[in-house]
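The values are calculated or read from the model by the stated rules, or taken from the named source; none is laboratory data. Computed from a predicted structure; not experimentally measured. Cβ atoms come from the backbone with ideal geometry, glycine included; neighbour counts cover every protein chain shown.
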Amino acid sequence: MSASRQRWVHVATAPDQLSAEMWVELLRGQGIPAMIRAQDTVSFLGLSGMACQVLVPREHLAEAALALQQRTEGSGLSQP
């Protein structure tokens, strides 16, 4: 399935854009496509200090959730 036709789903909510960017890079580094929901970023003002949703293709949801859980466990960072 092409990237434009994939169904992207919410995997986690980062407390801010910087954390979301790090989570996306962590996932991509493990071969999992990921992105930040476009509406959550405020690029013309710099980084957003508001919560940002991290999205992955539906078929990578379980793998991505596990990777983020292992990485953020005990850190106090929220995610579903």
Original post:
What number of residues within segment 66-80 are modelled with pLDDT of 55 or more and of a type outside the set (D, E, K, R)?
Top reply: 8
Subject >> Of residues in segment 2-14 being more than 17 Å from GLN70 (Cα to Cα) and at pLDDT 90 or above, the one surrounded by the most Cβ atoms within 10 Å (Cβ to Cβ) >> reply: TRP8
**OP:** Could you please find all residues in segment 28-51 being surrounded by 12 or more Cβ atoms within 10 Å (Cβ to Cβ) and at pLDDT 90 or above?
**Re:** ARG28, GLN30, ILE32, PRO33, ALA34, MET35, ILE36
